Each structure stands twice: as structure tokens, then as C-alpha cells.
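Please read the structure below before turning to the comments.
The values are calculated or read from the model by the stated rules, or taken from the named source; none is laboratory data. All values reported here derive from a predicted model rather than from experimental measurement. Heads up, the Cβs are rebuilt from the backbone with ideal geometry, glycines too, and the neighbour counts pull from every protein chain shown.
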Amino acid sequence: MSLLPFGSLPAHKPRRFVPAAVDLGDWSQLAPLFDRLETASPRCASVPELERWLVDWSELGAALDEESSRRYIAMTCHTDDADAEKSYLQFVEKIEPELKPRQFKLEKLFMAHPLRTKLPSPRYDVFIRDVQNHVELFREENVALETEEAKLTQQYQKLSGSLTVQFRGEEKTLVQMGKFLEEPDRALRQEAWELVAKRRLQEREKFEEQFDQLLALRERIAANAGFGNYRDYTFRRMGRFDYTPKHCFDFHDAVEREVLPAVRELQARRRKQLGLDALKPWDLSVDPLNQPALKPFEKVEDMVARSQRIFDNLDDELAAGFRQMQDLKLLDLANRKGKAPGGYQSTLNESRMPFIFMNAVGQQRDVETILHEAGHAFHALATRDDDLLAYRSAPIEFCEVASMSMELLGNEFIEQFYSAADSIRARRTHLEGIIGVLGWIATVDAFQQWIYTTPGHTSADRAVAWNKLMDRFGGDVDWRGHEQARSHLWHRQLHIFIHPFYYIEYGIAQLGALQVWANSKRDKAGALRDYKTALALGGSRPLPELFAAAGCKFQFDAATIRPLMELARTELEKLQAESK
Ligand SMILES: [Zn+2]
């Protein structure tokens with residue numbers, strides 16, 4: 001029995017280079033394919049031949065990528081199946097380490113090819129730019145350091161994931177404790193919050209130590225690659241060609257100036273509604289009117305049917321895409337025992353079809369997630385016809401525009417899930433969430449900018465720097481009596497440990513999504529047309545052009561944020577008035 005919810009999928013195109021019967025989990029069968037590409041490269045005597053070679057390379061890459069995705073999906077759908085886990089780990093441990101040097105060899109061959117400069121522009125510009133960047137940054141001596149870094153990040157995950165507390169006679173993970181912050185009983189919320197904060201603080205030395213080791217490694221990696229600091233190295237490694245640290249600082253300033261007033265307003269209202277003198281850290285997630293949680297659906301089939309109706313209302317093409325995903329069983333959405341937590345969208349790169357994984361249990365959050373992941377899926381469907389694998393995905397800053405826009409556009413039809421009154425509540429919660437998270441994004445990004453450009457700092461300096469940012473972006477929350485927890489709050493943000501500098505992307509993308517939404521308020525059809533045009537470009541154009549195609553500016557300054565915040569606030573006021 002297959003562990004995948006879907007069977008064999010219709011191939012987008014018959015294979016031309018990869019043999020039909022190849023075992024993609026057997027390196028001895030894969031190595032000859034890389035040999036063939038290596039010998040074929042210098043023999044490409046014309047531009048069309050070199051292009052064909054690139055497509056063969058893409059075909060192999062896509063087949064391997066899909067193999068890895070299939071194993072990952074099988075494992076996350078059946079965490080209790082030892083074979084599924086073994087099969088995934090076999091690919092990660094046996095195939096991927098072999099692939100990396102061979103891929104790198106092909107990249108070098110491509111960059112050195114005499115006809116490379118004759119490839120038509122702008123078609124190959126982004127591809128060449130990215131390959132060149134990768135080749136230039138590669139350092140043999142960094143391979144071992146990166147392995148060491150990966151091991152350290154695993155230790156962070158292990159420590160973080162292993163923490164539990166005893167709460168009312170039961171052992172609970174810290175994630176499980178999260179839901180108690182939504183309890184109307186304030187004393188219970190406080191107890192739950194303090195228990196978690198205390199548990200984390202017990203490990204603070206370990207977290208600090210782990211981070212110091214990571215920091216030292218990262219500084220060495222950057223120095224090996226010839227950079228003065230890890231920040232500048234990472235900007236290059238992440239392919240941030242279209243914005244600089246200066247743009248990120250503009251974003252921080254703009255959030256402080258344009259977003260924080262809205263955050264404070266929302267906090268003040270929450271405080272009043274809860275009847276409190278001051279908001280404590282455990283007062284931020286509970287419904288301020290003590291209403292029971294929203295109930296958008298009972299059964300997952302119902303969630304799918306209602307989501308389908310939202311897409312039917314939005315656009316025929318997107319609706320057909322979502323229907324096709326149902327027909328091909330490319331959705332595994334119900335929470336059940338033996339499934340990994342969370343939700344994700346994964347693209348099966350050879351069949352060029354998206355798959356969505358979720359753990360829906362009937363909460364408003366599930367509705368936001370299905371709309372979000374469907375946005376990613378529409379992105380994958382829109383790029384199907386590009387034969388260059390690298391162009392079938394976009395930079396993360398734009399991928400999240402695809403998904404976050406779909407949350408906002410889909411929310412316009414949220415009545416498919418709710419009564420009129422509950423629809424208002426769902427829209428408000430969503431918008432307040434967007435406004436609320438921008439300050440946290442600025443905090444996390446500014447903190448990392450400081451960390452990697454302040455050599456020789458101590459862990460006490462880090463706490464001071466973090467607290468300054470909390471003062472700046474945290475709004476009006478009363479932390480008195482919990483200063484220690486506040487100083488080390490960043491320990492829970494796994495990106496800082498595991499994916500350094502990866503966070504501002506969410507802010508950049510949210511500004512794009514808000515612009516798509518603003519456009520759709522003026523011209524629904526036009527905004528959707530631009531959205532789809534931009535999605536279809538995949539990764540073939542630089543970020544500013546992807547944003548422009550979607551009808552957005554690629555800017556994160558106050559002038560861009562101001563009208564978006566005005567729109568969000570007007571919309572919230574409208575919803576507030578309607579709910580009376
Ligand atoms: Zn996403």
C-alpha cells in the first residue's frame with residue numbers, strides 16, 4: 001500500500017533524459033546521469049543545444065526533487081511508520097550529500113561554457129545571476145563548517161522541542177501550552193504563561209551557549225568567503241540583489257512610525273474590553289470580549305467544499321486548479337494520529353503539481369491556513385509550463401505574496417464559512433494579526449542586524465540590545481516582574497538559531513499582499529489579473545519586476561506603508577461599526 005494520499009500523477013511531459021525505470025533512491029544509478037551531463041556540456045556547439053542541455057539538467061533535478069518530496073510527504077503523513085522515516089532519511093543521508101558536489105560541478109561547467117554569454121537576455125539573466133552567485137560564494141573549507149552548523153541547529157531544535165511542564169497534573173509540551181493563553185480565565189492564563197517562561201529560563205544558559213557557538217561558526221564561514229561580516233555574506237548568499245540592509249532599516253523605521261500607533265490603539269482597545277489597567281504578556285491572545293472560539297466547519301470535507309466556493313467566487317482558473325487538486329487527491333488536510341504537526345505546501349516538481357498538508361481541526365486558523373497554502377499551490381500551478389526548474393519557483397519574498405494575498409482576497413468571501421457577525425470577527429482577527437506581526441518582524445530583523453555587525457559582544461550586551469528593540473516595537477505591554485523572560489524572549493524564535501536573517505521576507509511579502517488587496521478594493525478583476533500574471537512569471541524575473549507585475553511597489557519605506565495602514569485601520573473601523 002502506498003503511504004501517499006495520491007497515486008501516480010499524470011506526467012507533465014514524458015521524460016527525455018532520465019530513464020523511465022531509474023531508481024531515484026539508488027546513487028549508483030544516478031551518478032551516470034551526472035556523468036552524462038558533464039560530458040555533454042562541452043559538446044554543446046550552439047545556443048539551442050546548450051538550452052537543451054539546461055532542460056535535461058532541469059529534468060533530472062525535478063525528478064530528484066519530486067522523489068525527495070514524495071518521501072517527505074509519506075513520512076509526515078505517517079510519522080508512526082518506521083519505513084517511511086527510513087526512506088526519507090536514506091535520501092537525505094545517502095543521496096543529497098552526493099548530489100551537492102555534482103550539482104556544483106554542473107554549475108561551474110555552465111558558467112565556464114563559451115556559449116553561456118550568448119544565451120538570450122532577459123530569459124536567462126536571473127538564472128545566470130543566481131548560478132554565478134552560488135559558484136562565487138562556494139568555499140570548500142565551508143562545507144565542514146556548514147555541517148557543524150547544521151548539527152548545532154539540530155541541538156537547538158532538540159532542546160527546544162524536549163521542554164515540557166507539569167500543568168494541572170499533566171505533562172505538556174510548550175506548544176500544547178499555547179492554547180491556554182486563549183482561556184478567558186485570567187489566573188489560569190497567567191499560571192500557564194509563567195510556567196512556560198520559567199521553563200525556558202531554566203535553559204537560558206544553554207540557549208545562549210548554543211547561540212554563541214553558532215555565531216562563531218557563522219563568522220568564520222563569512223570570513224572564509226571573503227566578507228567582513230556574516231550579515232553581508234548572508235545577504236549575498238540569500239540572493240538579496242534587490243535590497244540592502246539600508247532598506248531593512250527603512251522598514252524598521254516605517255514600522256515604528258506607521259504601524260506602532262495602530263498596534264497601540266488595538267492594545268488600548270483590548271485593555272479596555274478586558275477591563276484591565278495594563279496588558280500583561282498573557283493577555284494578548286485571548287478574545288477581548290470573552291467570546292467562544294469561532295467554529296468555521298465541523299468536517300474537513302466541509303472546509304474543502306467551502307474553500308472551493310470561495311475560489312469559485314474569485315476566479316474560474318484558480319477554482320479549476322483547486323478542483324483538480326481534489327480530484328488527484330493532492331490534499332491531506334485532516335488532523336489525525338500519526339501526522340506531523342503544522343501545515344505546508346510542497347510541489348511535486350516532475351509532475352509539476354502542488355500538494356497541501358494540514359492538520360485542520362475546525363478553527364479559524366485552519367481557514368487562514370488553507371487559503372494561504374492554496375495561494376502557494378496556485379503559484380506552482382501557474383508556473384507549470386516553464387521547462388527551467390529554477391524558474392518554477394520564485395524567491396520567498398514573492399512566494400509569500402502569492403499566499404498572503406490569497407488570505408486577504410479569500411477573506412472577502414469568508415461568509416462561505418460564517419454568519420454575518422462571525423465573518424466580521426474573522427476578518428478583524430485576521431487584519432489585527434497582520435498589524436500585530438509587523439512589529440515582531442522588525443524586532444527579529446533588527447536584532448539579527450545588530451548581532452552580526454557587533455563583533456565581540458557578550459550575552460549581556462545581547463539582552464540590552466534585545467530589550468531596546470522590545471521598547472521600540474513591543475507596544476504597551478507591562479512586563480514588570482518578568483524582566484528576565486523579556487530579555488530572553490528571542491530564544492523561542494527558531495529562525496534566529498536555524499535560519500539566520502530569514503524573517504524580513506514575511507514583512508516584505510505582507511506589504512506586497514496588502515497592496516494586492518488595496519488594488520482589489522479599487523479594481524477586483526484587474527488586481528486578480530495582475531496577481532495571476534505575476535504568479536505565472538515564477539522565478540524568471542528579479543523581485544522588483546515580480547512585484548510590479550502584481551501591481552505592487554517593491555518598497556518598504558514609510559511612504560509605502562502609510563496608505564496600507566490607513567486602509568487596514570479604515571477597514572477595522574468599518575468592521576467595528578458593523579459589529580455594533
Ligand atoms: Zn507560506
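Which of the helices (runs of 4 or more DSSP H) found entirely inside segment 109-201 contain at least 1 residues meeting this: surrounded by fewer than 17 Cβ atoms within 10 Å (Cβ to Cβ) and at pLDDT 90 or above?
Qualifying helices (runs of 4 or more DSSP H): 125-137, 140-162.
The rows are residues; the columns are (1) more than 22 Å from A11 (Cα to Cα); (2) in contact with a His (Cβ under 9 Å, 6 or more places away or on another chain).
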position	(1), (2)
P354	no, yes
H376	no, no
E415	yes, no
R427	yes, no
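Within segment 534-557, work out how many residues are at positive phi and within 19 Å of the chain's Cα centre (by Cα).
Count: 1.
Kindly list, by first and then second residue, each pair from a residue in segment 365-387 that is more than 18 Å from L333 (Cβ to Cβ) to a residue that is in a helix (DSSP H, G or I) and within 15 Å of the ligand (Cβ to nearest atom), limited to pairs with Cβ atoms under 6 Å and residues at least 6 apart or on different chains.
Cβ pairs passing all conditions: H379/A402; H379/L535; A382/L535.
With the requirement that a residue be more than 19 Å from I424 (Cα to Cα) and in contact with a Phe, Trp or Tyr (Cβ under 7 Å, 6 or more places away or on another chain), what does segment 278-313 give you?
P281, W282, Q308, F311 - these are the residues of segment 278-313 that are more than 19 Å from I424 (Cα to Cα) and in contact with a Phe, Trp or Tyr (Cβ under 7 Å, 6 or more places away or on another chain).
Yes/no per residue for (1) closer than 30 Å to L333 by Cα; (2) free of Cβ contacts under 8 Å to residues at least 60 places away in the same chain; (3) out of contact with any Phe, Trp or Tyr (no Cβ under 9 Å at 6 or more places or on another chain):
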residue	(1), (2), (3)
P42	no, no, yes
L50	no, no, no
D65	yes, no, yes
T76	yes, no, no
D81	yes, no, yes
F91	yes, no, no
L119	no, no, no
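Which of the residues belonging to segment 51-95 are hydrophobic (A, V, I, L, M, F, W, C) and under 22 Å from E107 (Cβ atoms)?
Once the filter is applied, which keeps residues that are hydrophobic (A, V, I, L, M, F, W, C) and under 22 Å from E107 (Cβ atoms), segment 51-95 yields W53, L54, V55, W57, L60, A62, A63, L64, F91, V92, I95.
Say we look at segment 1-40 and pick out the residues that are modelled with pLDDT of 95 or more and touching a Phe, Trp or Tyr at 6+ places or on another chain (Cβ under 9 Å); which of these is surrounded by the fewest Cβ atoms within 10 Å (Cβ to Cβ)?
R36
Output the helices (runs of 4 or more DSSP H) that fall wholly within segment 462-580 and possess 1 or more residues being farther than 30 Å from L276 by Cβ, or say none.
494-498, 504-522, 524-536, 543-549, 558-578
Being surrounded by fewer than 18 Cβ atoms within 10 Å (Cβ to Cβ), within 23 Å of the chain's Cα centre (by Cα), on the phi < 0 side of the Ramachandran plot and part of a loop (DSSP other than H, G, I, E, B) narrows it down to one of F241, F249, so name that one.
Going through F241, F249 in turn, the sole match is F241.
Here are some residues: Y506, Y531. Which one is among the aromatic types (F, W, Y) and crowded, with 22+ Cβ neighbours inside 10 Å?
Y531
If you scan segment 277-288, which residues turn out to be charged (D, E, K, R), surrounded by 14 or more Cβ atoms within 10 Å (Cβ to Cβ) and assigned to a loop (DSSP other than H, G, I, E, B)?
Once the filter is applied, which keeps residues that are charged (D, E, K, R), surrounded by 14 or more Cβ atoms within 10 Å (Cβ to Cβ) and assigned to a loop (DSSP other than H, G, I, E, B), segment 277-288 yields K280, D287.
List the number of the failed condition for D386; all other conditions in (1) of a type outside the set (S, T, Y); (2) within 16 Å of the ligand (Cβ to nearest atom); (3) outside any helix (DSSP H, G or I) hold.
All conditions pass for D386, except number (2).
When you scan segment 530-561, how many residues do you find that are closer than 18 Å to D385 by Cβ and free of Cβ contacts under 8 Å to residues at least 60 places away in the same chain?
So the answer is 2.
When you scan segment 407-430, do you find a residue that is within 16 Å of the ligand (Cβ to nearest atom), surrounded by 15 or more Cβ atoms within 10 Å (Cβ to Cβ), charged (D, E, K, R) and assigned to a helix (DSSP H, G or I), even just one?
Checked against the condition, which is being within 16 Å of the ligand (Cβ to nearest atom), surrounded by 15 or more Cβ atoms within 10 Å (Cβ to Cβ), charged (D, E, K, R) and assigned to a helix (DSSP H, G or I), segment 407-430 yields at least one hit.
In this structure, is P395 buried (at least 21 other Cβ atoms within 10 Å of the Cβ), closer than 30 Å to V131 by Cα, more than 11 Å from the ligand (Cβ to nearest atom) and free of Cβ contacts under 8 Å to residues at least 40 places away in the same chain?
When the stated conditions are applied, P395 does not pass them.
Residues of segment 41-54 being crowded, with 17+ Cβ neighbours inside 10 Å and assigned to a helix (DSSP H, G or I), which ones?
Scanning segment 41-54 gives S41, L50, E51, W53, L54.
Out of the residues in segment 306-343 meeting the condition of being under 27 Å from A527 (Cβ atoms) and assigned to a loop (DSSP other than H, G, I, E, B), tell me which one is farthest from the ligand (Cβ to nearest atom).
Result: D315.
Give me a count of the residues in segment 289-313 that are crowded, with 16+ Cβ neighbours inside 10 Å, over 25 Å from the mean Cα position of the chain (by Cα) and not charged (D, E, K, R).
Count: 2.
Quick one: E368 ticks every box in (1) of a type in the set (D, E); (2) more than 12 Å from the ligand (Cβ to nearest atom); (3) crowded, with 18+ Cβ neighbours inside 10 Å except a single one, so which number is it?
(2)
Condition check: more than 16 Å from the ligand (Cβ to nearest atom), part of a helix (DSSP H, G or I), within 18 Å of the chain's Cα centre (by Cα) and buried (at least 23 other Cβ atoms within 10 Å of the Cβ). Does A380 satisfy that?
no
Restricting to segment 349-365, give me the number of residues that are in a helix (DSSP H, G or I) and either within 16 Å of the ligand (Cβ to nearest atom) or within 17 Å of L318 (Cα to Cα) (or both).
Result for segment 349-365: 1.
Looking at S346 and the list (1) more than 16 Å from the ligand (Cβ to nearest atom); (2) touching a residue at least 60 places away in the same chain (Cβ under 8 Å); (3) of a type in the set (S, T, N, Q), which single condition is not satisfied?
(1)
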